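The values are calculated or read from the model by the stated rules, or taken from the named source; none is laboratory data. Quantities reported herein were computed from a predicted structural model and do not represent experimental measurements. Glycine gets a Cβ as well: all are built from the backbone with ideal geometry, and neighbour counts include every protein chain shown.
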Amino acid sequence: MTAPPFSIFMHSCQRQYAKLRAAFIAGLLLCCLLLPAAGSAQSGGSPPLPMNDLKNALSLVRGKPQPGTWPRTIHYAFRVYDFKADTFHQEEKTFTLTRQPVRIIPHAVGVAEILWAICPRERLAAFNEFTADPEFSFIADAVQQRGPVFKSKQTELVIGFQPDLVFTVFYSGAEFKEKLRQAKIPYFDLGYFGSIESIKEQTLLIGKIIGEEANAQALVALIDDKIAALKYAVPAGSKPVRVLYYDEGGYIPGRSSNFNSICSIIGAVNVGAEQGIKSWSQADNETLLKWNPDVIIVPRGSSLKKLLMSSKVLSFARAIQQGKVYEVPGVYLRVDSQFMLLSADVLAGVIYAQKP
């Protein structure tokens with residue numbers, strides 16, 4: 001918001017100008033006070049569930065303590081997505097621990113956010129830089145205060161923290177894992193994180209590995225409860241809202257993406273999945289016009305909203321004509337943890353509050 005062009009006022013009207021300026025500033029301050037708190041994402045409209053309460057509930061979960069036995073061997077299904085072949089691969093694996101790990105390092109944001117909720121935090125030895133970045137992490141502020149923080153490729157620094165276990169993911173890098181192996185640092189490579197169901201599966205698996213099964217079970221139960229609460233809170237329409245997430249480069253998420261789960265939780269249709277996309281695929285403006293979504297979501301801080309709204313081809317699209325292109329902070333769109341429910345809450349506030 002900018003001040004009106006008061007330069008047209010005559011010098012003799014300076015006192016009136018001062019009063020108007022004061023009123024304007026007061027009104028601006030009032031608007032700021034009424035805006036959603038930092039981290040809220042919608043372009044108007046409130047999430048159906050209180051965001052702070054939801055985040056706090058998902059940040060610290062404690063179940064009834066259960067006795068653990070060590071050493072233990074864990075049998076699990078390792079599932080990964082082959083982006084080149086656009087398909088899943090799964091194999092059965094085992095992992096043996098001689099004792100309970102007490103110094104744990106997560107090498108990915110989603111893993112860190114799950115551990116933050118189910119693991120005594122004094123056992124978390126360090127975090128990578130993305131977990132300390134609010135553009136990527138819901139626990140960034142706490143991690144910045146607590147530390148220590150390392151860069152994702154600083155294997156020597158990770159080794160120096162003397163962890164009992166490092167949780168890695170498919171993009172951790174072969175060189176990083178090889179250096180851990182050479183240093184005899186145990187690491188566990190987690191599989192697919194993309195849907196809310198896979199997040200629940202990985203949460204239970206992490207709980208078994210670190211000996212916090214009860215906490216992991218409690219978090220999964222809480223996720224189910226909050227999903228039910230969200231489904232109950234959103235309006236029941238005769239026709240689901242068709243939502244398209246448009247990212248940089250024209251990429252659209254499909255059926256195996258976290259965005260598909262976010263839409264499913266609140267009863268919306270992910271247009272990418274509807275149109276047969278499995279993981280991610282590029283789409284041009286002619287294709288978007290053909291799909292004709294009700295709502296388009298773009299990451300905040302990009303120029304994508306302006307780009308879409310100014311397209312001559314898309315000027316005939318329903319979402320463009322009705323001005324239903326909304327910016328959402330990237331942290332809500334990248335989430336791969338229990339905080340996906342925050343994203344669903346935010347998206348519900350966007351698409352349902354804005355319906356005519």
Read through the list (1) under 22 Å from Ser195 (Cα atoms); (2) without any contact (Cβ under 8 Å) to a residue 12 or more places away in the chain; (3) not hydrophobic (A, V, I, L, M, F, W, C), then give the number of the only condition that Ser303 fails. (1)
Reported set for the stretch 201-253 where residues are without any contact (Cβ under 8 Å) to a residue 24 or more places away in the chain and farther than 19 Å from Ala348 by Cα is Glu201, Leu204, Val220, Ala221
Does Ile296 qualify as being within 16 Å of the chain's Cα centre (by Cα), of a type in the set (A, V, I, L, M, F, W, C) and crowded, with 17+ Cβ neighbours inside 10 Å? no
Would you point out the residue of the stretch 145-156, among those that are in a loop (DSSP other than H, G, I, E, B), modelled with pLDDT of 90 or more and not charged (D, E, K, R), that is surrounded by the most Cβ atoms within 10 Å (Cβ to Cβ)? Pro148
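Suppose we keep only residues that are in a loop (DSSP other than H, G, I, E, B) and closer than 20 Å to Gln322 by Cβ within the stretch 235-255. Which one would you say is modelled with the lowest pLDDT? Let's see the steps before the verdict.
Taking the stretch 235-255 and keeping what is in a loop (DSSP other than H, G, I, E, B), we get 235-241, 246, 254-255.
Then drop every residue that is not closer than 20 Å to Gln322 by Cβ, which leaves 235, 237-241, 246.
Numbers: Pro235: 85, Gly237: 73, Ser238: 69, Lys239: 89, Pro240: 93, Val241: 95, Tyr246: 98.
For the stretch 235-255, the residue satisfying everything is Ser238.
Assess whether Ser337 counts as being at pLDDT 95 or above and either of a type in the set (Lys, Arg) or not in a helix (DSSP H, G or I) (or both).
On the way: at pLDDT 95 or above: yes; either of a type in the set (Lys, Arg) or not in a helix (DSSP H, G or I) (or both): yes.
Judged against the criteria, Ser337 is a match.
Restricting to strands (runs of 3 or more DSSP E) lying wholly in the stretch 55-109: which have 2 or more residues that are touching a Gly at 6+ places or on another chain (Cβ under 9 Å)? First the steps, then the outcome.
Values: elements: 72-82, 87-97, 104-106.
The strands (runs of 3 or more DSSP E) meeting that bar are 72-82, 87-97.
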Within the stretch 113-122, take every residue that is of a type outside the set (Val, Ile, Thr) and crowded, with 19+ Cβ neighbours inside 10 Å and give me the one that is farthest from Ile199 (Cα to Cα). Cys119
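Anything in the stretch 256-309 that is among the aromatic types (Phe, Trp, Tyr) and either within 25 Å of Ala236 (Cβ to Cβ) or part of a helix (DSSP H, G or I) (or both)? List them, or say none. Walk me through how you get there before you give the answer.
Pass one, the stretch 256-309, residues among the aromatic types (Phe, Trp, Tyr): 259, 280, 291.
Correct list: Phe259, Trp291.
Does Ile262 count as among the β-branched types (Val, Ile, Thr) and in contact (Cβ under 8 Å) with a residue 60 or more places away in the chain?
Values: among the β-branched types (Val, Ile, Thr): yes; in contact (Cβ under 8 Å) with a residue 60 or more places away in the chain: yes.
The answer is yes for Ile262.
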Restricting attention to the stretch 157-209, which residues are surrounded by fewer than 19 Cβ atoms within 10 Å (Cβ to Cβ), outside any helix (DSSP H, G or I) and of a type in the set (Gly, Ala, Ser)? Gly173, Ala183
So the check is Cβ under 7 Å with 6+ separation or different chains; which pairs have a first residue in the stretch 68-85 that's in contact (Cβ under 8 Å) with a residue 40 or more places away in the chain and a second one that's of a type in the set (D, E, K, R)? Trp70/Arg99; Ile74/Lys208; Tyr76/Lys93; Ala77/Glu92; Phe78/Glu91; Phe78/Lys93
Residue identified as assigned to a loop (DSSP other than H, G, I, E, B) and either in contact with a helix residue (DSSP H, G or I) (Cβ under 6 Å, 6 or more places away or on another chain) or surrounded by fewer than 19 Cβ atoms within 10 Å (Cβ to Cβ) (or both) among Ala142, Ala132: Ala132
Name every residue in the stretch 253-305 that is of a type in the set (A, V, I, L, M, F, W, C) and closer than 15 Å to Val328 by Cα, in order of residue number. Phe259, Ile262, Cys263, Val295, Ile296, Ile297, Val298, Leu304
Return the residues of the stretch 117-145 that are more than 21 Å from Leu219 (Cα to Cα) and polar (S, T, N, Q); say none if nothing qualifies. Asn128, Gln144, Gln145
Going through the stretch 158-180 in order, the residues found to be touching a residue at least 24 places away in the same chain (Cβ under 8 Å) and among the basic types (Lys, Arg) are Lys179
Within the stretch 123-166, residues over 19 Å from the mean Cα position of the chain (by Cα) and aromatic (Phe, Trp, Tyr) come out as Phe150, Phe161
